[in-house]
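Engineer: My questions all concern the structure below.
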2 protein chains.
Amino acid sequence: MKNQLVECVPNFSEGKDLDKVEKIIDCFRGKEGVKLLDYSSDKDHNRSVVTLVGDPEAVKTAVVNAMGVAKDLIDLTAHEGQHPRMGATDVVPFIPISNIEMDECVALAKEVAELAYKAHGIPSFLYEAAATAPHRSNLSKLRKGQFEGMAEKVKDPHWAPDFGETIHETAGITAIGAREFLVAYNVILGTNDLKIAKKIGKMVRNSGGGFSKVKAMGVAMEERNLVQVSMNLTDYKVTPLYQVFEYIKMEAKRYGVSVVGSELIGLAPMAALIGSAEYYLGIEDFSMDQVLEKRMLE
Amino acid sequence: MKNQLVECVPNFSEGKDLDKVEKIIDCFRGKEGVKLLDYSSDKDHNRSVVTLVGDPEAVKTAVVNAMGVAKDLIDLTAHEGQHPRMGATDVVPFIPISNIEMDECVALAKEVAELAYKAHGIPSFLYEAAATAPHRSNLSKLRKGQFEGMAEKVKDPHWAPDFGETIHETAGITAIGAREFLVAYNVILGTNDLKIAKKIGKMVRNSGGGFSKVKAMGVAMEERNLVQVSMNLTDYKVTPLYQVFEYIKMEAKRYGVSVVGSELIGLAPMAALIGSAEYYLGIEDFSMDQVLEKRMLE
């Protein structure tokens with residue numbers, strides 16, 4: 001039986017009271033089949049982001065429990081923070097990592113949404129790959145109006161919750177969905193001319209006519225007196241790292257600018273990096289099953 | 001507490017009687033902290049090669065048990081096979097994979113050697129990084145004379161066992177040691193001229209004045225009418241894949257020959273491949289802790 005691995009990155013609307021955060025995190029600690037990779041709290045955002053990975057069933061149970069704890073501890077009627085939010089548990093994305101397909105992550109999101117409503121009375125929107133209509137896919141659009149405007153917004157059939165009738169009085173509503181792993185990858189240019197980074201950013205990103213799975217913008221690196229093309233690769237299997245790196249090198253050349261290097265921000269699945277090694281080394285008939293750690297995780 | 005991972009690739013002198021092989025393999029199945037990655041038996045060699053990985057303590061216990069089972073099941077006085085051998089358990093190398101240093105693998109090899117002698121009366125040589133003298137490092141030199149000549153050979157103080165006085169009557173003697181992970185990596189040339197592959201093989205390998213951690217030879221790929229530089233990278237941390245790949249491209253150029261691609265044979269640790277992605281993409285300040293699977297295995 002293949003060992004399925006799913007990632008989940010729930011966001012909770014509490015980043016100041018760390019005792020409360022720890023109580024939520026306890027739902028993920030020492031649970032069979034669940035690995036807590038990381039969590040961090042931001043006071044200004046008044047929000048905590050948790051990264052866990054594991055067996056889909058075990059992750060499902062842990063997340064539903066944590067949503068119940070967050071509902072009991074977080075009161076959005078008294079919540080202040082810079083980051084937009086609509087729920088005590090604000091967002092719950094499921095991300096396929098290993099031996100699991102996107103449609104299985106969609107099914108998992110729906111199960112979690114149903115359980116969270118039945119067990120804790122938490123209503124939800126299904127979003128991204130789990131969305132029940134195209135206009136409901138985008139998280140920012142779902143969250144527009146935030147907690148304060150949400151009771152009114154969900155009366156519009158276009159924005160009716162997928163589970164529940166209206167929002168929870170203090171815990172609001174949660175966006176639960178499925179998406180690909182986001183790789184945050186920046187390519188650094190040998191110039192301090194921000195216009196060039198912006199132009200290349202536009203060329204490389206989907207919305208500018210570039211690669212379909214790339215979001216990009218030009219950003220100044222002030223302390224180094226350089227600029228970079230800062231990117232989110234929204235599906236590294238479709239648009240791999242080497243593709244954007246080589247393309248940016250090519251575009252930079254027309255401005256007489258060199259590529260100094262690149263940065264990987266945060267985590268990436270090993271396949272995102274190994275795919276580029278396979279490309280540059282021209283490895284024939286390569287299989288991820290040749291990677292020791294892949295086999296160890298099976 | 002860091003999660004240490006060690007690989008062990010014990011070779012057993014039985015490749016025909018698969019019932020016996022399965023009884024040995026049972027020592028590695030379903031054991032807490034031990035992951036059986038692979039095993040294969042070769043009838044002509046009359047030998048089985050097992051690949052396992054796991055927690056050092058758990059691997060130690062499993063390997064010592066398997067050596068006991070192999071001693072009971074395999075009688076070298078009746079053993080025939082093409083592969084040189086001197087013991088029922090012929091070789092036991094320990095290889096550092098994650099959060100473990102070579103000297104810890106050396107200590108592990110010595111513990112296994114001591115336990116195998118105390119529990120089962122199996123004598124051993126310590127070899128490679130665990131060798132107790134430089135002339136005892138090389139496996140082929142230790143094994144020279146094979147089982148049939150070994151009782152006589154070990155009377156010479158130069159070849160005295162590290163554990164035990166003489167060899168076991170039916171189970172012989174085992175080489176137990178520690179070494180780096182071997183990556184089998186071949187670079188394919190766009191020519192059928194074997195002389196060119198042999199010349200480049202000589203340039204790239206340690207014994208020809210090339211890279212210190214490379215063994216290489218030129219080999220014909222007859223079905224494709226091409227040749228390749230076939231290599232063992234004996235320490236990919238010292239001589240990484242991209243280094244030999246780029247060097248071979250450079251040498252091939254002087255013969256007017258292109259590099260068609262490369263092959264990775266068998267398993268490699270993810271770091272061996274990710275190191276090359278890091279090089280080609282020019283990723284600054286990269287850490288293996290940014291790799292999701294690395295974190296999952298901790």
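The values are calculated or read from the model by the stated rules, or taken from the named source; none is laboratory data. Predicted model, so just to flag it, every value in this text is computed and none were measured. Note that each Cβ is placed from the backbone with ideal geometry, even for glycine, and that neighbours are counted across all protein chains shown.
Engineer: If I ask for residues that are of a type in the set (Gly, Ala, Ser), away from every other protein chain (no Cβ under 14 Å) and in a strand (DSSP E or B), which ones from segment B:141-192 would you list?
Structural biologist: B:172, B:175, B:177, B:178
Engineer: For segment A:185-216, give me the residue count where each residue is under 20 Å from the mean Cα position of the chain (by Cα) and surrounded by 15 or more Cβ atoms within 10 Å (Cβ to Cβ).
Structural biologist: Final tally of qualifying residues: 8.
Engineer: Same structure again: Which residues, taken from segment A:142-160, are in contact (Cβ under 8 Å) with a residue 12 or more places away in the chain and touching a Phe, Trp or Tyr at 6+ places or on another chain (Cβ under 6 Å)?
Structural biologist: If the condition is that a residue be in contact (Cβ under 8 Å) with a residue 12 or more places away in the chain and touching a Phe, Trp or Tyr at 6+ places or on another chain (Cβ under 6 Å), then A:142 is the only one that fits.
Engineer: Further question on the same structure: Could you tell me whether residue B:19 is assigned to a loop (DSSP other than H, G, I, E, B), more than 14 Å from chain A (Cβ to nearest Cβ), over 26 Å from residue A:291 (Cβ atoms) and not small (Gly, Ala, Ser)?
Structural biologist: no
Engineer: Still on this structure: In segment A:110-133, is there at least one residue being part of a helix (DSSP H, G or I) and within 16 Å of the chain's Cα centre (by Cα)?
Structural biologist: Taking every residue of segment A:110-133 in turn, none turns out to be part of a helix (DSSP H, G or I) and within 16 Å of the chain's Cα centre (by Cα).
Yes/no per residue for (1) at pLDDT 95 or above; (2) of a type in the set (D, E, K, R):
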{"position": "B:71", "(1), (2)": "yes, yes"}
{"position": "B:94", "(1), (2)": "yes, no"}
{"position": "B:121", "(1), (2)": "yes, no"}
{"position": "B:140", "(1), (2)": "no, no"}
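Engineer: In segment B:272-279, is there at least one residue being charged (D, E, K, R), within 11 Å of chain A (Cβ to nearest Cβ), surrounded by fewer than 19 Cβ atoms within 10 Å (Cβ to Cβ) and without any contact (Cβ under 8 Å) to a residue 40 or more places away in the chain?
Structural biologist: no
Engineer: Given the conditions (1) more than 19 Å from residue B:95 (Cα to Cα); (2) in contact with a strand residue (DSSP E or B) (Cβ under 9 Å, 6 or more places away or on another chain); (3) more than 9 Å from chain A (Cβ to nearest Cβ); (4) at pLDDT 95 or above, which single one is not true for residue B:284?
Structural biologist: It fails just one condition, (3).
Engineer: Which numbered condition trips up residue A:295, out of (1) of a type in the set (Lys, Arg); (2) facing chain B (nearest Cβ under 7 Å); (3) touching a residue at least 60 places away in the same chain (Cβ under 8 Å)?
Structural biologist: The one condition residue A:295 does not meet is (3).
Engineer: Now a separate question. Quick one: in segment B:45-70, which of the residues that are more than 14 Å from chain A (Cβ to nearest Cβ) and assigned to a strand (DSSP E or B) is nearest to the chain's Cα centre (by Cα)?
Structural biologist: Among those that are more than 14 Å from chain A (Cβ to nearest Cβ) and assigned to a strand (DSSP E or B), it is B:49.
Engineer: Ok, one more. Return the residue satisfying two criteria in turn: it lies in segment B:124-145 and is surrounded by fewer than 16 Cβ atoms within 10 Å (Cβ to Cβ) and hydroxyl-bearing (Ser, Thr, Tyr), and of such residues it is nearest to residue B:109 (Cα to Cα).
Structural biologist: Restricting to residues being surrounded by fewer than 16 Cβ atoms within 10 Å (Cβ to Cβ) and hydroxyl-bearing (Ser, Thr, Tyr), the top hit is B:132.
Engineer: Looking at this structure, is residue B:191 among the β-branched types (Val, Ile, Thr), in contact with an Asp or Glu (Cβ under 8 Å, 6 or more places away or on another chain) and in contact (Cβ under 8 Å) with a residue 60 or more places away in the chain?
Structural biologist: no
Engineer: Follow-up. Checking the condition of a type in the set (Val, Ile, Thr), within 12 Å of chain B (Cβ to nearest Cβ), farther than 15 Å from residue B:274 by Cα and touching a helix residue (DSSP H, G or I) at 6+ places or on another chain (Cβ under 8 Å), which residue from A:260, A:244, A:219, A:227 passes?
Structural biologist: A:244
Engineer: Across segment B:32-44, what is the number of residues that are within 14 Å of chain A (Cβ to nearest Cβ) and in a loop (DSSP other than H, G, I, E, B)?
Structural biologist: The total comes to 2.
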